[in-house]
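Peer 1: Questions regarding the structure given below will be posed in turn.
The values are calculated or read from the model by the stated rules, or taken from the named source; none is laboratory data. The shown structure was predicted, so the numbers you read here are calculated from the model rather than taken from an experiment. Because the Cβ atoms are built from the backbone with ideal geometry, glycine has one as well, and the counts that use them run over all protein chains shown.
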């Protein structure tokens, strides 16, 4: 590769991953998809990394798939590996925060959707633009648990972008901040998460996933199973002990 299309930086327990094709508005080509998978496989594998922040270099978060590459390859049905972005499995067990600057369109919207939390610059826009290019967005199905049905329909059938302010109003975004504060605020949120017990954080993420897929009664039963290893961990004893001793807890993730 002539450039490092995906930058990876550690900040304590936080991994900062930056899409780095600014001249192409960070469009997802084969190189960038492969580097994203490598970055999030690293994140998943290293216990000291507890939360990740995903952002984009330049004026855009990600404008979606690289249409020039797609046209050159005459792509119709996308290969399965195109959907594996946050690691080789397409998902990780630890929280990921999207720090969205500028456009998050099509595959860029998908990246923001697949993150657990989203901080957006006040000039950011979100859109599922596939309908304007004769393409599809089957990956958007989980939106039904994130926004109202009519908002999801609007995004899918109009292809029009949504402002960060409206995305916040409909529940797609957690926080809207000035552009010059975007990465700082996203990393601060990540550090808040990293200060908590790692096993409890991962169980919380798993509980959210399970609760969105099954009914209330089953989710409650599965929740007990998800948290059982947490209750039996050394950290479950360390938390109350640290409180009683008036000190910060030292988490072992065991």
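Peer 1: Got a sec? Which of 176, 187, 119 is in contact with a helix residue (DSSP H, G or I) (Cβ under 8 Å, 6 or more places away or on another chain) and either in the same structural domain as residue 206 (by TED's automatic domain parsing) or closer than 30 Å to residue 235 by Cβ (or both)?
Peer 2: Working: 176 fails: either in the same structural domain as residue 206 (by TED's automatic domain parsing) or closer than 30 Å to residue 235 by Cβ (or both); 187 fails: in contact with a helix residue (DSSP H, G or I) (Cβ under 8 Å, 6 or more places away or on another chain).
Residue meeting the stated conditions: 119.
Peer 1: For segment 209-230, which positions are touching a residue at least 24 places away in the same chain (Cβ under 8 Å), surrounded by fewer than 16 Cβ atoms within 10 Å (Cβ to Cβ) and either assigned to a helix (DSSP H, G or I) or at positive phi (or both)?
Peer 2: 229, the sole residue that qualifies.
Peer 1: Say whether the condition of being touching a strand residue (DSSP E or B) at 6+ places or on another chain (Cβ under 7 Å) and either under 19 Å from residue 53 (Cα atoms) or in a loop (DSSP other than H, G, I, E, B) (or both) is met by at least one residue in segment 194-207.
Peer 2: Yes, because at least one residue in segment 194-207 is touching a strand residue (DSSP E or B) at 6+ places or on another chain (Cβ under 7 Å) and either under 19 Å from residue 53 (Cα atoms) or in a loop (DSSP other than H, G, I, E, B) (or both).
Peer 1: Still on this structure, I have one more. In segment 22-34, which residues are crowded, with 17+ Cβ neighbours inside 10 Å and assigned to a helix (DSSP H, G or I)?
Peer 2: The answer is 24, 31, 32, 33.
Peer 1: Further question: So is residue 51 modelled with pLDDT of 95 or more, within 13 Å of the chain's Cα centre (by Cα) and under 24 Å from residue 183 (Cα atoms) or not?
Peer 2: Values: modelled with pLDDT of 95 or more: yes; within 13 Å of the chain's Cα centre (by Cα): yes; under 24 Å from residue 183 (Cα atoms): yes.
The answer is yes for residue 51.
Peer 1: How many residues are surrounded by 18 or more Cβ atoms within 10 Å (Cβ to Cβ), touching a strand residue (DSSP E or B) at 6+ places or on another chain (Cβ under 9 Å) and more than 18 Å from residue 62 (Cα to Cα) if we restrict to segment 129-167?
Peer 2: Counting residues in segment 129-167 that are surrounded by 18 or more Cβ atoms within 10 Å (Cβ to Cβ), touching a strand residue (DSSP E or B) at 6+ places or on another chain (Cβ under 9 Å) and more than 18 Å from residue 62 (Cα to Cα) gives 1.
Peer 1: Yes or no: segment 159-169 includes at least one residue that is without any contact (Cβ under 8 Å) to a residue 12 or more places away in the chain, more than 18 Å from the chain's Cα centre (by Cα) and outside the structural domain of residue 93 (by TED's automatic domain parsing). Walk me through it before giving the result.
Peer 2: Of the residues in segment 159-169, the ones without any contact (Cβ under 8 Å) to a residue 12 or more places away in the chain are 166, 169.
Pick out the ones that are also more than 18 Å from the chain's Cα centre (by Cα) and you get 166, 169.
Imposing the further condition that a residue be outside the structural domain of residue 93 (by TED's automatic domain parsing) reduces the set to none.
No, segment 159-169 has no match at all.
Peer 1: Within segment 55-85, work out how many residues are within 15 Å of the chain's Cα centre (by Cα) and modelled with pLDDT of 95 or more.
Peer 2: Residues that pass the stated criteria total 4.
Peer 1: Specify which of the listed residues (37, 10) is closer than 27 Å to residue 199 by Cβ, assigned by TED's automatic domain parsing to the domain that holds residue 186 and in a strand (DSSP E or B).
Peer 2: Result of the check over 37, 10: 10.
Peer 1: Filtering segment 190-208 down to residues that are touching a residue at least 40 places away in the same chain (Cβ under 8 Å) and touching a helix residue (DSSP H, G or I) at 6+ places or on another chain (Cβ under 7 Å), which residue is nearest to residue 94 (Cα to Cα)?
Peer 2: The residue in question is 201.
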